Every structure is written in C-alpha cells, then in structure tokens.
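Working notes, structure below.
The values are calculated or read from the model by the stated rules, or taken from the named source; none is laboratory data. Computed from a prediction, not measured in an experiment: that's the story for all the values here. All Cβ positions, even for glycine, are placed from backbone atoms using ideal geometry, and neighbour counts span all protein chains on display.
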C-alpha cells in the first residue's frame, strides 16, 4: 500500500457531516441562485416618490429596466445609502444630490438628462427616490426575485425605510403602530406626497388614522434614542441566506418565527408558485414539494410531518414576546422522492408567503430546489441475515431406520433449501458507482486529487497525483474478489428508487489470489497433484465460484427523514445466488439475502479506469 493511502475496510469514514463541504470546496460546486419571480406593483406619483423594494431586480440594469421602455416616465432613480458611521447625524429628510455620498443615482439619457450615474442596477431591501415626468400616477410593475425583509435601524438620525405590509387592504398607521406603543409614542414619520421637492415634499405625517402603511412606499422615520425593531407583528429569521435554498443536496432547512408584540399572534405560511421567469432567465420546472416537520414520535423515533401543497397553508401561534413559544424553530423538508420524475438539474421554485392574524404584514420568502442526479459514488453495507438451508430428509422403514438403495446409498426423499435466519448478521461492504446511465460494482476505489488538482474517482492509484496521496482515500470491500486490474462488474438495470440492479462476479477455481478454497502453501488445498507438478481439475481440491448479486432498491419509507433524504441514501433488499462448480461440471447453489443501505459520498459522475 502506497504511503498516504488509507484503506477503509472496517467502516465508512467519509461522513456526510464533512464530506459534502469538502467535495464542494474541492470541486468548486456552485450553489444555484434563487430564481423565484414576483412582480411588485409600485405607485409612482408625478414628481418625486419614495419607494421601497421587496424584490431583487438586479438581473437587468436600470438602462434596460427603465431606460429602454419609452412608456416608463421615470427619469431619475436615487438610492439612499445610510451613513456607515454612527457619528453622522441625519436630522431632517435629505434632498438627493450627486455630491452627497449618501445617495447613488441613475439618470435616463435624453429628455434633458445626460444619462449615467453611479447607480447601475436596483438593490432589494432598499429605499429610493423616484422622479417621474408624468402628469398622472404611473404604476410601475417591477418583476424580480422576492427577498425576505432585512432592516438596519440607526438611533443617530433618520431612517428611510418601508414596511412589509400586505399589498391589498394595508392597515392604517395608528393600528399598525398600536402593537409597538413605545415606537408609536416616539416616532416621527415623513412621507412624500408627490410633486416637486420642497417644504411640503416630504412632509411630516400626522394623519395616522387615515394614512395606510402602503407596501412599497418608503418613509423617513426616527424615534429619538429608541432602537426600533418593529416592522410588523412577526419576523422570519433565516439562516444567513436570502431565502430557503435546498440546492441539489440539502434535505432540510430550519428558520425562526419571532413574535415582536406583547400579544399572541398567529402566523400562516402559504406555498405559492413562481411567476414565469423573464426572458433569458433559468426556466422553472415546478414548485418544490415541501414537508413541515412535526413532533418526534417516541414509539418509532420518527417525526410526524404535514405536506405543504401549492395553495396550502400551515399555521403557528406565537405567544407574546419574551414568553416561551414566542420564538419557535420551523423545520422544512424537501420531499426529494416526489422529485424523481424531474430531470437532474431541473429548477423548482416557489414562494412561501407569511401573513399574520392581524393582517398587518406579508413576508415573502423564496424557496428553491434543484433535482439531483444519482450520479456519483455510493458506499454502504449489505447485512446478510438469511441463508438458504441444505437439509436432506431420508426414507426410513417402519422401525425408523434409514432405507438403503441397491447401490448402497441412503434414499433421499427431499432437500430443504428454504431461507433461514442467521445467528448474527454478516456485513458486506458495497461500493457502487453510477455515471448517470450505467452503474458498476467495485472491489475498491481511489478518491483523491490528480496532477491538475481536480478531485477524481479512479479504479487505480496511478490516476492520482503522487505528491498528494496524503489526502487521498482508498475504499475497499474484502467481501468481493480482488484483481490487479480492479475491473468493475457492470450492473444491469438502473440505480433508482424502485429499480433492480444485477451483476455477476466470478472466481476461477485456480485463482490463487481470491479463491477461498485454495491455500497456496497447503499440500491438500494447493490444487496440485502429489508431485506438485500438475494442476488438478476443478472440483478436486477447489471449486469455481459464480456470484449473482441483486440489489432491489425499495422506495423510501413514509417518514420525514426517509422522504427528505431520498436522493442521498438508497436502501433495499440484497440477495445473492452462489453457485459452486465441481468435477464434471457438477454444481451446487446457495442463496443468501438481507438488507442493504448506500450513501452518496461523492457526486463525481466520471470514474477513471486504466
């Protein structure tokens, strides 16, 4: 064994906890981008309007989104960039100027404007001042990728922000702020009613009872020294990402629902399909099939779950802020077994729309998943739990004595070859590689870096970079016959849930390296005559072995874990028919069976063979 190559015969040491990140790092595997689409309707008034974006429209530049549309009256877009230093005070609403580094701008070319500016594309979760040249209101339909709200509040001045209120029937400010009385008492709010910038645009908002918290509208706000964390009755706190992205290998995703009020609130989540993507964007094959994990069932240690269908809802009741149950963890699962009809690489995308029982907030969380290919290296074990008997029954006389035939042999009446349980299950290592079309069974495989520093799978060590063998791995199965060439055994059938794989491995009766009946240095089992000069025929001291191996891959169980890990683990029934060849072509057959489980430890579809 070459220095640095570790032989894992006793257990799988590539655990999913670190194998997947390592492979992704070495391969440079990209995560798929969020590709859900939603149209935000924005009311742009004549003159100047402050807007807040809940979608990411950065897939196109402003020249493409606005400048190329002759029917769009928007001439200027100014992005508010909050001061990065807490020592910078913004005590009053600002007029956008190109000399102020708190503003980035875009201008339409023509119509008296020179075009250009420091703002190239629109960012989500940001406030903008929009200058419209139209004489009437303009509805700007902006298609983008929905984003979960994130806010940065400063106590050293004004904040230009919007609220994630529902597009239809938004609450009035007094009702909306009543759930946060400290903020309501301290808040000073300014809004842009439209028209030219001046003493009345923006203007302080006093009519809280009649002014709606319009989604997509931005307001200047301050609350003195109060740090405000209230932008709606609840928050959806994700795990450091802009949305729920299962990619092609993630099975579960957890996030928090947090009550921001002093009263109980019921939060509902509805799964919605994505809009058709814009021209040039990745097509969407459907909506991810989601499961919501429930409580642990102690009788079988599985989790209950509910299916979240398109248009279906799931609800949670949060206790008042600060109490147990006001911050809960929600675990979503992706039913990968339900994605078996999708082609590898297909993108599934949707939107989880969260609303509250007050009707005050709507938080849209993008959800994406990619149909995974089963191509790669699968390693696991078969557990042999049953072996066929070979029990003969003999004819007896009236006294119970065996009856002997005319040729002097006992008379056999029957042979019991039924399967029977073993005392202790016998483990057998399985190594399967699948290139997406064909599967093979391997006695050993090498995993490591080649001379180009690419992570590869190979049947020989020679493929690997000899200077980097210290990080390489050799995975072996002592239950399969060794050969110098290490030629794989091809499977017939497909590697898939519900599929059946069969292959045949043979061991010649005179194979000194692998035939278990041969003992090279034992005179009674060396396959040689008494003079050690002539090789004996098959069946004299050793037997030829033919092993027909079948993997019957069963669909996953109906529990939460099995459904969500369907493309990362495979299990089923292992069966093997062992045929021994003896003198004159005589044979005897033995059957064994049990269960097997395989785990995908590498998604590399290519297997190098030399």
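Some observations on this one:
- Residue check for residue 500: surrounded by fewer than 18 Cβ atoms within 10 Å (Cβ to Cβ), at pLDDT 95 or above and assigned by TED's automatic domain parsing to the domain that holds residue 557: yes
- A count restricted to region 330-342 and to residues that are out of contact with any helix residue (DSSP H, G or I) (no Cβ under 7 Å at 6 or more places or on another chain) and either more than 27 Å from residue 606 (Cα to Cα) or free of Cβ contacts under 8 Å to residues at least 40 places away in the same chain (or both) stands at 4.
- Residue match in region 471-482 (condition: over 36 Å from the mean Cα position of the chain (by Cα), in a loop (DSSP other than H, G, I, E, B), under 30 Å from residue 607 (Cβ atoms) and in the same structural domain as residue 588 (by TED's automatic domain parsing)): yes
- Checklist (1) surrounded by fewer than 18 Cβ atoms within 10 Å (Cβ to Cβ); (2) part of a strand (DSSP E or B); (3) at pLDDT below 95 applied to residue 524, failing item: (2)
- Out of 121, 126, 134, sole residue that is in contact with a helix residue (DSSP H, G or I) (Cβ under 7 Å, 6 or more places away or on another chain) and at pLDDT 75 or above: 121
- Test: residue in region 323-333 that is under 25 Å from residue 147 (Cα atoms) and crowded, with 20+ Cβ neighbours inside 10 Å: yes
- If you filter region 448-479 down to residues that are under 26 Å from residue 506 (Cα atoms) and in contact with a strand residue (DSSP E or B) (Cβ under 6 Å, 6 or more places away or on another chain), you find that the one that is surrounded by the fewest Cβ atoms within 10 Å (Cβ to Cβ) is 479.
- Qualifying positions in region 36-56 - part of a strand (DSSP E or B) and surrounded by fewer than 19 Cβ atoms within 10 Å (Cβ to Cβ): 39, 41, 43
- Search result, residues across region 89-117 that are under 40 Å from the mean Cα position of the chain (by Cα) and either at pLDDT 90 or above or surrounded by 19 or more Cβ atoms within 10 Å (Cβ to Cβ) (or both): 103, 104, 105, 106, 117
- Checked against the criterion of being closer than 21 Å to residue 80 by Cα, assigned to a loop (DSSP other than H, G, I, E, B) and in the same structural domain as residue 97 (by TED's automatic domain parsing), region 128-141 has at least one qualifying residue.
- Some residue of region 213-220 being more than 24 Å from residue 133 (Cβ to Cβ), in the same structural domain as residue 50 (by TED's automatic domain parsing) and modelled with pLDDT of 95 or more: yes
- Any hit, region 366-381, residues being in a loop (DSSP other than H, G, I, E, B), surrounded by fewer than 22 Cβ atoms within 10 Å (Cβ to Cβ) and touching a helix residue (DSSP H, G or I) at 6+ places or on another chain (Cβ under 8 Å): yes
- Qualifying residue in region 279-286 (condition: surrounded by fewer than 18 Cβ atoms within 10 Å (Cβ to Cβ) and farther than 22 Å from residue 371 by Cβ): yes
- Flag if residue 360 is surrounded by 11 or more Cβ atoms within 10 Å (Cβ to Cβ), touching a helix residue (DSSP H, G or I) at 6+ places or on another chain (Cβ under 6 Å) and not assigned by TED's automatic domain parsing to the domain that holds residue 441: yes
Residue-wise test of (1) in a helix (DSSP H, G or I); (2) touching a residue at least 40 places away in the same chain (Cβ under 8 Å); (3) more than 30 Å from residue 292 (Cα to Cα).
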position: 531; (1), (2), (3): no, no, yes
position: 537; (1), (2), (3): no, yes, yes
position: 550; (1), (2), (3): no, yes, yes
position: 566; (1), (2), (3): no, yes, no
position: 573; (1), (2), (3): no, no, no
position: 579; (1), (2), (3): no, no, yes
position: 590; (1), (2), (3): no, yes, yes
position: 604; (1), (2), (3): no, yes, yes
position: 610; (1), (2), (3): no, yes, yes
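- Residue in region 424-446 that is touching a helix residue (DSSP H, G or I) at 6+ places or on another chain (Cβ under 6 Å) and either not assigned by TED's automatic domain parsing to the domain that holds residue 174 or not in a loop (DSSP other than H, G, I, E, B) (or both) present: yes
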